[in-house]
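Just below is one structure, and these are the notes that go with it.
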Amino acid sequence: MASVVLRRRGQLRVLRGHPWIYQADVEQTDGALGKGDLVDVYGTGRRFLGRGYINPDSQILVRLLTRDAEPINAAFFRRRIAAAMDYRQRLAIPSNAIRMVYAEADALPGLLLDCYGDIGVIQILTAGMERLRGVLLPVIQELIHPHGTYLRNDAPSRLLEGLTVEKEFVGTPFDPVVNIQEDDLYFQVNIATGQKTGFFLDQRANRLAVRPLAADRQVLDCFCYTGGFALHAAKAGAQRVEGIDNSAEAVAAATENAKRNHLSDRCAFRRGNAFDELRQLQGAGRRFDLIILDPPAFTKSKEALPGALRGYKEINLRAMKLLNTGGILVTSSCSYHLSEATFLQMLEDAATDAKIQCRILAIRTQAPDHPVLLSVPETKYLKCVFLERL
Ligand code: SAH
């Protein structure tokens with residue numbers, strides 16, 4: 001097996017628990033290093049640090065799979081995936097739509113596995129994991145026993161790994177519209193054309209946390225997608241819920257989901273640009289008691305952060321102005337490059353400009369089936385802050 005020897009700085013990061021090795025961390029390489037090959041990683045004094053896969057085309061040269069000199073085979077994946085499943089089982093998640101494998105956080109870098117009832121949706125994000133696909137897929141079949149499996153290999157980050165973007169059924173094709181349950185609500189999820197792998201599983205716990213705040217309230221759900229937050233609010237007794245999304249498919253699915261949960265009388269979804277809609281609602285003198293803002297990531301890079309921050313501030317400022325006294329803003333950002341501290345600072349700036357005082361009710365993150373590694377900040381990306389207007 002080929003090997004790489006790390007400089008002190010790279011070794012230090014690995015010893016602190018991080019599984020990534022950058023080009024600049026490498027002192028020396030031995031043997032032919034092909035894209036996706038397995039490699040052994042050594043530190044100073046040829047101390048064995050672990051085994052992973054390499055991609056010379058990627059900024060992240062190696063991702064560690066293990067810190068032992070163990071074979072990367074079916075038994076390895078069986079152990080890793082079984083451990084990931086066991087962890088989710090112990091969480092007693094009130095849904096049958098679960099992220100079963102969350103890449104680095106489950107010691108399986110480059111692999112996502114979402115289970116929607118008895119349907120498995122797999123996303124392979126790296127060349128190394130792609131090379132291991134032949135070993136991996138049968139193990140997933142064996143452990144999950146899915147009724148059907150779909151490969152959502154259309155994440156744009158695959159291009160950075162020199163991979164193609166594609167979507168396909170593994171084995172026999174099936175209806176990609178699946179029914180899931182989250183708490184006492186039913187949702188239709190299109191695993192082939194929906195966003196991400198079909199549903200925003202990471203916001204589950206935050207959707208549930210909104211329920212006790214929703215009874216008798218006038219609710220606005222901006223960036224509502226298929227109605228996640230909106231329907232939980234409606235089910236929990238909101239007087240009226242308006243949902244806005246700029247995707248026609250999302251609005252159609254949200255409307256359909258309201259119907260299947262017998263909540264259509266209280267919910268209305270419409271297509272619109274949230275920035276314009278918030279401005280218009282303000283102009284029309286509208287007020288709400290509960291506003292949810294769950295925009296897509298406004299930046300995927302550090303460089304674009306200033307522009308993204310202006311966007312976040314604009315929607316938060318506008319939403320704050322639409323709140324009644326005692327009203328609650330549930331505001332999220334899934335941009336990894338926007339830290340929680342900067343997000344809170346932006347909210348403070350927005351409140352100052354809106355000339356309002358807010359009390360922080362909760363600072364939350366992604367649902368626990370997307371666990372965060374203490375030593376890998378990249379595994380934490382979601383911020384969700386609950387503010388009350390005083
Ligand atoms: N809250 C949702 C997930 C929201 S994902 C849930 O719990 O399921 C973000 C959504 O924002 C996507 O549905 C996307 O279509 C929508 N979107 C992106 N840009 C938008 C814009 N400018 N105005 C309105 N919606 C937008």
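The values are calculated or read from the model by the stated rules, or taken from the named source; none is laboratory data. For clarity, every value in this text was computed on a predicted model and none was experimentally measured. Neighbour counts are summed over all protein chains in view; Cβ atoms, including those assigned to glycine, are modelled from backbone coordinates with ideal geometry.
Miscellaneous remarks
- Test set (1) buried (at least 20 other Cβ atoms within 10 Å of the Cβ); (2) out of contact with any Lys or Arg (no Cβ under 9 Å at 6 or more places or on another chain) - G243 fails condition number: (2)
- Any hit, region 309-317, residues being within 16 Å of the ligand (Cβ to nearest atom), surrounded by fewer than 18 Cβ atoms within 10 Å (Cβ to Cβ) and among the basic types (K, R): yes
- Test set (1) closer than 25 Å to E70 by Cβ; (2) free of Cβ contacts under 8 Å to residues at least 60 places away in the same chain; (3) of a type in the set (A, V, I, L, M) - L151 fails condition number: (1)
- Look at region 15-31: where a residue is not assigned by TED's automatic domain parsing to the domain that holds L61, no partner that is of a type in the set (V, I, T) sits 6+ places away or on another chain with Cβ atoms under 9 Å.
- Residue within region 171-180 that is within 15 Å of the ligand (Cβ to nearest atom) and closer than 25 Å to S335 by Cβ present: no
- Flag for F187 being without any contact (Cβ under 8 Å) to a residue 60 or more places away in the chain and out of contact with any Pro (no Cβ under 7 Å at 6 or more places or on another chain): no
- Residues (among the β-branched types (V, I, T) and under 21 Å from the mean Cα position of the chain (by Cα)) located in region 118-139: I119, V121, I122, I124, T126
- Contact map, region 78-107: residues that are within 22 Å of Q181 (Cβ to Cβ) paired with residues that are of a type in the set (S, T, N, Q), Cβ distance under 7 Å, separation 6+ or inter-chain. Pairs shown: S95/Q181; N96/Q181.
- Q89 among the polar types (S, T, N, Q), within 18 Å of D202 (Cα to Cα) and part of a strand (DSSP E or B): no
- Complete set of residues in region 269-295 that are closer than 27 Å to P212 by Cβ and within 14 Å of the ligand (Cβ to nearest atom): F269, R270, A274, E277, L278, L281, L290, I291, I292, L293, D294, P295
- One residue stands out in region 218-240 among those that are surrounded by 24 or more Cβ atoms within 10 Å (Cβ to Cβ) and assigned to a loop (DSSP other than H, G, I, E, B): the one that is farthest from the chain's Cα centre (by Cα), namely A238.
- Only one entry in R207, R152, R158 is of a type in the set (K, R) and within 30 Å of L278 (Cα to Cα), namely R207.
- Qualifying positions in region 206-224 - of a type outside the set (S, T, N, Q), under 19 Å from F269 (Cβ atoms) and away from the ligand (no atom under 15 Å from the Cβ): R217
- Some residue of region 329-339 being in contact (Cβ under 8 Å) with a residue 12 or more places away in the chain and out of contact with any helix residue (DSSP H, G or I) (no Cβ under 8 Å at 6 or more places or on another chain): no
- Among the residues of region 114-166, those identified as in a loop (DSSP other than H, G, I, E, B), touching a Ser or Thr at 6+ places or on another chain (Cβ under 9 Å) and not β-branched (V, I, T) are L125, E161, G162, L163.
- Any hit, region 274-293, residues being closer than 14 Å to E242 by Cα, in a loop (DSSP other than H, G, I, E, B) and either touching a Ser or Thr at 6+ places or on another chain (Cβ under 9 Å) or among the polar types (S, T, N, Q) (or both): no
- From the list L112, L136, L132, L61, the lone residue that is buried (at least 18 other Cβ atoms within 10 Å of the Cβ), in the same structural domain as R8 (by TED's automatic domain parsing) and either within 22 Å of L15 (Cα to Cα) or in contact (Cβ under 8 Å) with a residue 40 or more places away in the chain (or both) is L61.
- Cβ separations smaller than 6 Å between residues 6+ apart or across chains give the following pairs from region 362-374 residues that are closer than 10 Å to D202 by Cβ and without any contact (Cβ under 8 Å) to a residue 40 or more places away in the chain to residues that are of a type outside the set (S, T, N, Q) and crowded, with 17+ Cβ neighbours inside 10 Å: T365/L382.
- Of all the listed residues (D294, D289), the sole one being in the same structural domain as L231 (by TED's automatic domain parsing), surrounded by 15 or more Cβ atoms within 10 Å (Cβ to Cβ) and under 21 Å from the mean Cα position of the chain (by Cα) is D294.
- The criterion of being under 22 Å from E277 (Cβ atoms), away from the ligand (no atom under 15 Å from the Cβ) and not aromatic (F, W, Y) holds for Q239.
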